[in-house]
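Working notes, structure below.
Just so you know, all these numbers are worked out from the coordinates, no wet-lab data involved. Predicted model, so just to flag it, every value in this text is computed and none were measured. Cβ placement follows ideal geometry from the backbone for every residue including glycine, while neighbour counts extend to all protein chains displayed.
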Amino acid sequence: GPLILVLLFVGFTGGWQQPDLASPLASALLGTGTTLWATFLPCFLFVLPVAPWIEGLRRWPAASASLTAISAAVVGVMAHLGYWFGQHLLAASSGLDRVFILLLAVGTLALLRPGRIPLPLLILGAGLMGSGWRLLVSA
């Protein structure tokens, strides 16, 4: 997802800024390839060899409890990240912007229910509404 794209961009930019090869583009492509390799190699090295035994972990109470705790921690980290972004977004906004942001957030949350609007369309619509709001306010 987005994290992989950012990592690849950082690898490309690092190679471009510090060219060790004949051209910055060659160094950037090497940096991108190295970043891609370092990102995905651990997944394949750790996941694929143990994949046949993963289902067996569900029947082992200690492993099942550990995986449940890890899942809960990941959900907590994601919730905190959402809270942090919301807090900083609202702190950097004026009063009228805050009202718009909250109305947009509540509206998109209400439309997130399955069967209402496809998620890509909802994201596009919210982005367009935010851009439209910024153009309207700055005009």
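Ignoring solvent entirely, what values of log10 I(q)/I(0) come out of the Debye formula for the stretch 91-132 at 0.20, 0.28, 0.31 Å⁻¹ when each Cα is a single scatterer?
Taking Cα atoms of the stretch 91-132 as identical point scatterers yields -0.63, -0.98, -1.09.
Based solely on its DSSP helices, what 222 nm [θ] is calculated for the chain when runs of n ≥ 4 H residues each add -39,500 (n - 2.57) and the sum is averaged over all residues, nearest 500 deg cm²/dmol?
-28500 deg cm²/dmol
Using a 10 angstrom Cβ neighbour count of at most 13 plus a DSSP loop assignment to flag exposed trypsin sites (Lys or Arg not before Pro), which longest range of the chain is free of such sites?
Answer from the scan: 1-58.
Per the Cauchy relation, a quarter of the hull surface: what is the mean projected area of the convex hull of the alpha carbons in the stretch 45-139, in nm²?
9.8 nm²
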